[in-house]
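Colleague: Take this structure, written in structure tokens, and hold onto it; I'll ask about it next.
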Amino acid sequence: MRPGWLVLGAAAAWLACGAPVGAGERAAAAPPGQLLAQIPRLPPAGGKPDEPPPPHRAGELECRGCHEDEHQGVVRMYLGMGGRGTPMIPSHMFQVRVECVACHVAPKEAAGRARIVGQTFRPSEQACVNCHGEKYRGMLDRWNGTLGKMRDIVTPKLAAARAGLAAVDVKDPKRARAAKLAEDAEFNLQFVTFAKGIHNVFYAADLLKLANVWLDESARLTGKSPAKVDDALVRGGYCGVMCHEQAGVKLPETVAFAKQRVPHAKHVSEFGAVCTACHSADVHKAVTATAATCTSCHHSPQNERCEGCHRAQSAFFRGEAKSALAKAEPDVMAKAVGCTGCHDLSTKHSRQAVTEKCIGCHDAGYRNFVAEWTTGADKEVASATAALRQAESRLTAARRAGRKNPDAQALVKGAREALALVRVARPAHNPALADGLLDGVRKRSAEAVSKLERP
């Protein structure tokens, strides 16, 4: 159950009658036409109180006959509802029962004027500081400024989408979809603007994020390329800008995910990842990323940073791997192609997919090369593994018998490290280096066995 549903009934009543529940009850107890009749009148000078005047005609003091309730949008924004395309995301302040007057503390009217026209209270950052402390000073301006920048990114995209729709034949089957996307995006933009997105900043940001996506898609449907602007902020990079930086929240260098340490800070500062790519937009701190989320970025055709994660494979391919068992030289293809020269990131990775990339540059005779390389390499790895296991078994037996052999132990350790390197880096990335290392593993293992068999 989403936060806020427990008090949604009261909020719905608020919306239904256009005023707080308590105010609605008072109105029901005293119909508008009788309100003045119930107000005590001051007695005239030196006399008794006047008799109350006869009741006014029904509906005479019904303000809503002319004045529409202007806070409906604001209330919906605060509740996290009313926008298009996103689930209900109540404001954190609403969830802890914070009312309007907790933030609206600065009087708009002077005392004398207020006695006649009434008083309206404006929001003040002092209310933030009173509850949250000095670190929240400036937070109100930051929220307003960030939402303003986000609207400035989306607004020209909306204008471009409208222009694109005007140029498309009304009979085009894609036009209706493009028009609906633009309409929904415009609604969200207006809702955030007129309902004051600051009443629920993360809900407002999510609405603008969706509007940004919809306008890009609308442009594509009308045959236009999306506007090339830096929209990282509106794509989901608003969490840190809106709140974390001001509140002094430090971005962790690494985080644990799927039993691995992930360079969290680099994803933001170097790779351009936005917060909501991995975190929920409506549940604070919740992680929504899955293995598929990672793959969608890391293995996308647009990603050219393969070597940032696949360091072992890169070093092996470029002849930069370190080992005492063989001299590392770059693979013969290292100067000719990069990772995507052999790996098609738009399809599921397989040896067959790599084969198709080979014949994209070479003739059909190369179709069998990948199979030969990988099948032969598999046999070589299996042979080296068997030799190493034999050496490890002999070394274990010698230890149990109380016989130490530092030389044999060093040989086994070196062979183990070399075999691990080949397994991780994959022989196909540098067949010549793999052959040299696997040959070294077999030789080191045999030499270790020989030393252990000596009396």
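What follows is calculated from the coordinates using simple rules that are stated; it is not laboratory data. Note that this is a predicted model, so its numbers are computed, not measured. Note that each Cβ is placed from the backbone with ideal geometry, even for glycine, and that neighbours are counted across all protein chains shown.
Colleague: Between the range 319-369 and the range 110-124, how many Å separate their Cα centres?
Modeller: For the range 319-369 versus the range 110-124, the Cα centre distance is 75 Å.
Colleague: Starting with the fewest neighbours, write out F94, F316 ranked by other beta-carbon atoms found within 10 Å of each beta-carbon. Don't skip to the answer; put the middle values down first.
Modeller: On the way: F94 22, F316 27.
In order of increasing Cβ crowding within 10 Å: F94, F316.
Colleague: Short version: ³J(HN,Hα) in whole Hz for each residue of the range 83-93, in order, from phi by Karplus 6.51 cos²θ - 1.76 cosθ + 1.60 (θ = phi - 60°), x for Gly and Pro, what are they?
Modeller: x, 10, x, 10, x, 5, 10, x, 4, 4, 5
Colleague: By average Cβ neighbour count within 10 Å, what is the ranking of 385-394, 345-354 from highest down? Numbers along the way, then the final one.
Modeller: Working: 385-394: 17.0, 345-354: 12.7.
The peptides rank, most packed first, as 385-394, 345-354.
Colleague: For the pair A114 and E253, what calculated FRET efficiency results from E = 1/(1 + (r/R0)^6), where r is the Cβ-Cβ distance and R0 = 60 Å, to the nearest 0.05? Display every interim value, and only then the final one.
Modeller: Values: r = 53 Å, r/R0 = 0.89.
That gives a FRET efficiency of 0.65.
Colleague: How big is the convex hull of the Cα atoms of the range 371-453, per residue, in Å³? Kindly include the intermediate steps, with their values, before the conclusion.
Modeller: Numbers: hull volume 5.7 nm³, N = 83.
Enclosed volume per residue, from the Cα hull, is 68 Å³.
Colleague: Right, another one. Take M333, M139 and order them by how many other Cβ atoms sit within 10 Å, fewest up front. Before the final figure, lay out the partial values.
Modeller: Values: M333 14, M139 18.
The fewest-first ordering by Cβ neighbours comes to M333, M139.
Colleague: Could you derive backbone 3J(HN,Hα) for the range 309-316 from the dihedral phi with the Karplus parameters 6.51, -1.76 and 1.60 (θ = phi - 60°), listing whole Hz in sequence and x where the residue is Gly or Pro?
Modeller: 9, 8, 5, 5, 5, 5, 4, 5
Colleague: Using packing as a proxy for protection, rank 259-267, 416-424, 373-381 so that the peptide with the highest average count of other Cβ atoms within 10 Å comes first.
Modeller: Working: 259-267: 13.2, 416-424: 18.7, 373-381: 15.2.
Most protected by this proxy first, the peptides run 416-424, 373-381, 259-267.
Colleague: Same structure again: Highest mean first, what order results for 285-291, 355-361, 182-188 on Cβ atoms within 10 Å? Present the calculation step by step, with values, prior to reporting the outcome.
Modeller: Numbers: 285-291: 11.3, 355-361: 14.7, 182-188: 21.0.
The peptides rank, most packed first, as 182-188, 355-361, 285-291.
Colleague: Roughly speaking, what is the stretch gain from K413 to C361, that is 0.36 nm per residue apart minus the C-alpha to C-alpha distance, in nm to one decimal?
Modeller: 14.6 nm
Colleague: Go ahead and run the numbers for FRET between V170 and R220, Cβ-Cβ distance against an R0 of 22 Å, rounding to 0.05. Numbers along the way, then the final one.
Modeller: Working: r = 18 Å, r/R0 = 0.84.
Between V170 and R220 the formula returns 0.75.
Colleague: Could you tell me the relative contact order of the range 371-453? Use alpha-carbon pairs under 8 Å, at least six residues apart, and round to a whole percent. Don't skip to the answer; put the middle values down first.
Modeller: Values: 83 pairs, mean separation 39.3, N = 83.
So the answer I get is 47 percent.
Colleague: Also: Could you work out the equivalent-ellipsoid semi-axes for the range 138-245, taking the square root of 5 times each eigenvalue of the Cα gyration tensor, largest first, in whole Å? Working shown, then result.
Modeller: Details: eigenvalues 159, 33, 18 Å².
Its equivalent ellipsoid spans semi-axes of 28, 13, 9 Å.
Colleague: Can you tell me the length gained on complete extension of the stretch S450 to A265, counting 0.36 nm per residue apart and subtracting the Cα distance? Let's see the in-between values first.
Modeller: On the way: separation 185, 0.36 × 185 = 66.60 nm, distance 5.03 nm.
Contour length minus the Cα-Cα distance gives 61.6 nm.
Colleague: Next up: Could you run the Karplus curve 6.51 cos²θ - 1.76 cosθ + 1.60 with θ = phi - 60° over the range 141-149 and give me ³J(HN,Hα) per residue in whole Hz, x for Gly and Pro?
Modeller: These are the phi-based 3J(HN,Hα) values: 5, 5, 4, 4, x, 5, 4, x, 5 Hz.
Colleague: Taking the Cα-to-Cβ direction at R177 and at D439 and moving 7 Å from each Cα, how far apart do the two end points lie in nm?
Modeller: 5.8 nm
Colleague: Let me ask something additional. Taking amide H atoms as placed 1.01 Å from N in the peptide plane, list the residues 5 or more away in sequence, or in a different chain, whose amide H sits under 5 Å from that of V255.
Modeller: Those qualifying (amide H under 5 Å, at least 5 residues apart or on another chain) are V262, H264.
Colleague: Another question about this same structure. Take the residue pairs K259/K443; K404/K443; K327/K348; K327/K379; K196/K285; K335/K357 and return only those whose Cα atoms are more than 27 Å apart.
Modeller: Numbers: K259/K443 35 Å; K404/K443 21 Å; K327/K348 34 Å; K327/K379 22 Å; K196/K285 24 Å; K335/K357 17 Å.
Beyond 27 Å between Cα atoms: K259/K443; K327/K348.
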